[in-house]
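The values are calculated or read from the model by the stated rules, or taken from the named source; none is laboratory data. Values in this document were obtained by computation on a predicted structure and should not be read as measured data. Here the Cβ is made from the backbone with ideal geometry for all residues, glycine too, and neighbour counts use every protein chain on show.
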């Protein structure tokens, strides 16, 4: 299983936030650390699923040489 580094951030007047530097646009937030963490795990899963689906689509629709 591949692992990805995540960055957690929290200001005094904000929710917890997470971002994945290796996955542009993959971010989450939550009122608690646990909620934000669960949300980033789901966001990573969705990001990977979208990448795989896009790759499969492109491979199945490429023109024969």
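Key figures for this structure:
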quantity	calculated
Those residues of the range 42-55 which are without any contact (Cβ under 8 Å) to a residue 40 or more places away in the chain and surrounded by 13 or more Cβ atoms within 10 Å (Cβ to Cβ), in sequence order	43, 47, 48
Selection status of residue 40, part of a helix (DSSP H, G or I) and at pLDDT 95 or above	yes
Residue selected from the range 8-37 under the condition surrounded by 14 or more Cβ atoms within 10 Å (Cβ to Cβ) and assigned to a loop (DSSP other than H, G, I, E, B), by the criterion farthest from the chain's Cα centre (by Cα)	15
Selection from the range 19-41 of residues that are touching a residue at least 24 places away in the same chain (Cβ under 8 Å) and in contact with a helix residue (DSSP H, G or I) (Cβ under 8 Å, 6 or more places away or on another chain)	20, 23
